[in-house]
Amino acid sequence: MSRFPRAAAAAAALILVSAGAWMRYARPAAAADDTAITASVKDRLAANAEANRSIVVQTRDGVVTLRGFAMTPTDVIRAIRDALSIPGVVKVDNRVVVQQ
């Protein structure tokens, strides 16, 4: 028996195992993580409670959705930046509207 088929099989197995390990770490956040992310974002927004008092936070698969109203465009940007600073946040879906 030739060494080439064995080496090819070993290489293929290594690639599959590596891909499986990568997928384990590249998976989106679990529901429990989403709850923790939501709580962390709310805590961060509460630090600037006056500007963010009417922003609702939801998280699904690491994607944070911000809904509600802000007083200024700067408050919206700050809320997005605060949400993105939380570990586990994949992206922020901003639906905050500036009140006029």
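The values are calculated or read from the model by the stated rules, or taken from the named source; none is laboratory data. Just so we're clear, the structure is a prediction, and the values are computed from it rather than from any experiment. Every residue, glycine among them, receives a Cβ derived from its backbone with ideal geometry; neighbour counts consider all protein chains shown.
Every residue, every condition in (1) in contact with an Asp or Glu (Cβ under 7 Å, 6 or more places away or on another chain); (2) at pLDDT 95 or above; (3) closer than 14 Å to I37 by Cβ, yes or no:
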| site | (1), (2), (3) |
| --- | --- |
| V63 | yes, yes, yes |
| R67 | no, yes, no |
| T72 | no, no, no |
| R78 | no, no, no |
| A83 | no, yes, yes |
| V92 | no, yes, yes |
| Q100 | no, no, no |
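For A79, the test of being of a type outside the set (K, R), assigned to a helix (DSSP H, G or I) and in contact with a strand residue (DSSP E or B) (Cβ under 7 Å, 6 or more places away or on another chain) is passed. Of everything in region 38-85, what is of a type in the set (G, A, S) and on the phi > 0 side of the Ramachandran plot? Give them in sequence order. Listed by number, the residues that qualify are G62, G68. Taking the criterion of being within 18 Å of A31 (Cβ to Cβ) and assigned to a strand (DSSP E or B), the residues of region 45-76 that qualify are V57, Q58, T59, R60, V63, V64, T65. Might you let me know whether region 35-47 holds any residue that is within 25 Å of Q100 (Cα to Cα) and modelled with pLDDT under 90? Yes, region 35-47 has at least one match.
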